[in-house]
Amino acid sequence: SSYLIEASISLRDGAEFGSINKNDQVTITWQGTTYTLFVASKLRSRSVSGSPGAVDYGVDYTIVARSLTAGLDEPYALPTTLSWPAATMASAIAAQLIAPLADIISLDWRLEDWLQPGGTFFLTDETPLAGLRKLAGIVGGILQTSPGNALIIRKANPVAPRDWATTT
């Protein structure tokens, strides 16, 4: 599953399209939920429709926007090499990995925390996101992004399969 939220937004107005720049933050509301995203790319294409003698030439304007948590992965974050030589709580490692973006995203740690033994967790030429996936994967966790740009680290299956029949 993907950790980020992505939207492809069609615009009708060329002036509006021109006023939006790559990396700008945009706020959209969809089905009553508000999302803050950044513009990852802009696409302008030409279209032809109609029939012979009544051809219509149009221009389509599209922006692709992603959740701010995308900044933890390539091409926005550079791979790095890090290690934790001392025993460190897993949630503290996660907080260190999102620290470069802590002013625009938050960490929502929903796993049981554990003490990661010193010298056993490290990143070798990996992005912060790769490190977060590796950390969550130790206990079968996954990453998700909330509409408010919190990076949620939670169990892949919050309810044990044996309890599915009685859970609502």
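The values are calculated or read from the model by the stated rules, or taken from the named source; none is laboratory data. Computed from a prediction, not measured in an experiment: that's the story for all the values here. Cβ sites come from the backbone with ideal geometry, for glycine too, and all protein chains shown count toward neighbours. Note: areas computed on protein heavy atoms with side chains; ligands, DNA, RNA excluded. Shrake-Rupley method; radii C 1.70, N 1.55, O 1.52, S 1.80 Å.
A few comments on the model shown:
- Test result for Ser8, open to solvent by less than 80 Å² (accessible area, probe 1.4 Å), of a type in the set (Ser, Thr, Tyr), in a strand (DSSP E or B) and over 30 Å from Ile138 (Cα atoms): no
- Some residue of the range 95-117 being open to solvent by 60 Å² or more (accessible area, probe 1.4 Å) and in contact (Cβ under 8 Å) with a residue 60 or more places away in the chain: no
- Hits in the range 115-168 - residues which are more than 27 Å from Glu74 (Cα to Cα) and modelled with pLDDT of 95 or more: Leu115, Pro117, Gly118
- Residue pairs meeting the criteria (Cβ under 8 Å; at least 6 apart or on separate chains; first without any contact (Cβ under 8 Å) to a residue 40 or more places away in the chain, in the range 8-33; second open to solvent by 50 Å² or more (accessible area, probe 1.4 Å)): Lys22/Lys42; Thr27/Thr34; Ile28/Thr34
- Pro85 vs. criteria in a loop (DSSP other than H, G, I, E, B) and modelled with pLDDT of 90 or more: yes
- Members of the range 76-90 that are touching a residue at least 24 places away in the same chain (Cβ under 8 Å) and open to solvent by 30 Å² or more (accessible area, probe 1.4 Å): Leu78, Pro79, Thr80, Thr81, Leu82, Ser83, Pro85, Ala86, Ala87, Met89
- Checked against the criterion of being more than 30 Å from Thr120 (Cβ to Cβ), surrounded by 10 or more Cβ atoms within 10 Å (Cβ to Cβ) and out of contact with any strand residue (DSSP E or B) (no Cβ under 8 Å at 6 or more places or on another chain), the range 40-50 has no qualifying residue.
- The set of residues in the range 120-146 that are surrounded by fewer than 15 Cβ atoms within 10 Å (Cβ to Cβ) and touching a strand residue (DSSP E or B) at 6+ places or on another chain (Cβ under 7 Å) comprises Phe122, Thr124, Asp125, Gly140.
- The set of residues in the range 11-26 that are open to solvent by 70 Å² or more (accessible area, probe 1.4 Å) and more than 17 Å from the chain's Cα centre (by Cα) comprises Arg12, Asp13, Ala15, Glu16, Ser19, Asn21.
- Of all residues making up the range 104-140, the number that are assigned to a loop (DSSP other than H, G, I, E, B) and within 15 Å of the chain's Cα centre (by Cα): 3
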